[in-house]
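The values are calculated or read from the model by the stated rules, or taken from the named source; none is laboratory data. A quick note: this is a predicted structure, and the numbers were derived from the prediction, not measured. Cβ placement follows ideal geometry from the backbone for every residue including glycine, while neighbour counts extend to all protein chains displayed. Heads up: the accessible areas ignore ligands, DNA and RNA and are worked out on the full protein's heavy atoms, side chains in. Shrake-Rupley method; radii C 1.70, N 1.55, O 1.52, S 1.80 Å.
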Amino acid sequence: VAIPAPRQGAAALVTGASSGIGLELARGLATRGHDLVLTARRRELLEDVAGELTREHRVRVEVCPADLSEPSERGRLAQEIETRGLAIDVLVLCAGFGMGGPFVEQNRDRLTLMMRTNIESTVTLAHAFTPGMAARSSGAVLVVSSIAGNQPMPNFGVYAATKAAVTSFGEMLSAELAASGVTVTVLVPGAVRTDFASVAQMTSQERRTPAPLWIDADACARAGLDGLERGRRKVVPRTAVRLMHFAGSHTPRGVWLRTVRRLLTP
Ligand SMILES: NC(=O)c1ccc[n+]([C@@H]2O[C@H](COP(=O)([O-])OP(=O)(O)OC[C@H]3O[C@@H](n4cnc5c(N)ncnc54)[C@H](OP(=O)(O)O)[C@@H]3O)[C@@H](O)[C@H]2O)c1
């Protein structure tokens, strides 16, 4: 089995567990009996989730709030997990956010925050926990990327570039760790009903997104965990999103860039 069975002294770490896809992934893992470590910035939301999961699934849930864009907070998170005597058998890297709009109009500090959250935290947290998995010859890593990372996306550009890096990193890691018994799956959703669009200031683009590209957060999480269980390298939920994935890879780049620039104009 690609997801290690729940065991005493081990847990699944879920980043971005305070809302959306990460929250549903935490619910899915609790349903399967895994003890959990939940992280994101909003402590009260994490505590609500922990209360729900402990009550409904009788699993141990530790809440470790952290701003994952900060190297020192990521270090503190790893330290707290060690202090609590937990090995991480399942690592879910879901924390992230987007920014819509033209590059030249975007706030540079927020762009930096996004790159640190989406790429740096994914790479460094994987680096903190996969050596232990490889040493135990057992572990599962779910990396949440995006269809936006499959090709350049004008008016969504730096976010798409961060997710291109995340997908590339996740697929690479699945190959490097395959021989050690550690599974890595990259989840590549299209449009998921969460707070993502309002955080990204893309609610007008959200309203124009065609219905077949949408999926609920729980269905997205289920597809990700099923793919992880089956040892799949990459999971793209929904047929329409897989078609978009194909189109993004095969449409002549100039045509693609002009079309997306028009479609994603705020
Ligand atoms: N929704 C979509 O259409 C869609 C499509 C493809 C991929 N995705 C990806 O799915 C992932 C989850 O997004 P979502 O759609 O579920 O949106 P969401 O509901 O806004 O969730 C984002 C999560 O990331 C956490 N987060 C953001 N910045 C953080 C930071 N600096 N430190 C720690 N945690 C941070 C948030 O927690 P706090 O605010 O509490 O810190 C929240 O738990 C993201 O990586 C996103 O890029 C989403």
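Among Ser145, Ser72, Ser18, which one shows the biggest mean-square fluctuation in a GNM of the chain, springs joining Cα atoms closer than 10 Å?
Between Ser145, Ser72, Ser18, it is Ser72 that shows the largest mean-square fluctuation.
Can you work out the accessible area per residue across the range 1-52, with the rest of the protein chains kept in place, probe 1.4 Å, in square angstrom?
Each residue of the range 1-52 exposes 40 Å² on average to a 1.4 Å probe.
Taking Rh as the Kirkwood radius, which is the inverse of the mean 1/r over Cα pairs, what is the Rg/Rh value for the chain?
Rg/Rh: 0.96.
About the Cα centre of the chain, how large is the charge dipole given +1 on each Lys and Arg Cβ and -1 on each Asp and Glu Cβ? Please answer in debye to the nearest 20.
860 debye
Quote to one decimal, in nm, the extra length available between Leu111 and Leu263 on full extension: 0.36 nm per residue of separation minus the C-alpha distance between them.
Taking Leu111 through Leu263 to full extension adds about 52.5 nm, to one decimal.
What dipole magnitude, in Debye to the nearest 20, does the range 99-171 give about its Cα centre under +1 on Lys/Arg Cβ and -1 on Asp/Glu Cβ?
120 debye
Taking K and R as +1 and D and E as -1, what net charge do the other residues with C-beta under 15 Å from the C-beta of Glu229 add up to?
+4
How many percent of all Cα-Cα pairs in the range 137-225 sit more than 23 Å apart?
So the portion of pairs separated by more than 23 Å is 29 percent.
Would you work out what percent of the accessible area of the range 1-84, with all protein chains in place, is carbon or sulfur (probe 1.4 Å)?
Exposed carbon and sulfur together represent 46 percent of the surface.
Please state the charge dipole magnitude for the range 185-266, taken about the Cα centre, from unit charges on C-beta atoms (+1 on K and R, -1 on D and E), reported in debye and rounded to the nearest 20.
That gives the range 185-266 a dipole magnitude of about 460 debye.
Can you bin every Cα-Cα distance in the range 1-127 into 10 Å intervals starting at zero and give me the percent of pairs per bin, rounded to whole numbers?
Final binned percentages: 13, 44, 30, 10, 3, 0.
Give me the distance in nm between label points sitting 7 Å out from Cα along the Cα-to-Cβ direction at Ser180 and Glu206, one decimal.
With each label placed 7 Å out from Cα toward Cβ, I get 3.8 nm.
Mean residue ellipticity at 222 nm from the helices of the chain, using -39,500 (n - 2.57) per DSSP H segment of n ≥ 4 over the full residue count, to the nearest 500 deg cm²/dmol?
-15500 deg cm²/dmol
Give the residue from Ala128, Ala30, Ser249 lying farthest towards the positive end of the charge dipole for the chain; charges sit on Cβ (+1 for Lys and Arg, -1 for Asp and Glu) and the dipole is referred to the Cα centre.
After comparing all options, I get Ser249.
Which shape class applies to the range 197-266: rounded if a/c is under 1.5, otherwise prolate when a/b exceeds b/c and oblate if not, where a ≥ b ≥ c are the square roots of the Cα gyration tensor eigenvalues?
Here the range 197-266 falls in the oblate category.
State whether the range 107-151 is rounded, prolate or oblate according to the following rule on the C-alpha gyration tensor (a ≥ b ≥ c being the square roots of its eigenvalues): a/c under 1.5 gives rounded; otherwise a/b larger than b/c gives prolate, and the remaining case gives oblate.
The shape class here is oblate.
Helix 217-229 versus the longest principal axis of the chain: what angle, 0 to 90°, nearest 10, using Cα atoms?
Compared with the principal axis, the helix lies near 60 degrees.
By how many degrees, 0 to 90 and rounded to 10, does the Cα axis of helix 121-136 deviate from the longest principal axis of the chain?
40 degrees
Roughly how many Å² of His250 are accessible to a 1.4 Å probe, to the nearest 10?
About 120 Å², rounded to the nearest 10.
Rounded to the nearest 10 Å², what accessible area does Thr83 have for a 1.4 Å probe in the complete protein model?
My reading of the accessible area for Thr83 is about 110 Å².
With a 1.4 Å probe and every protein chain left in place, work out the accessible area per residue of the range 63-144 in Å², rounded to a whole number.
Computed with neighbouring chains in place, this is 43 Å² per residue.
Roughly how tilted is helix 239-250, in degrees to the nearest 10 and between 0 and 90, from the longest Cα axis of the chain?
The angle comes out at about 60 degrees.
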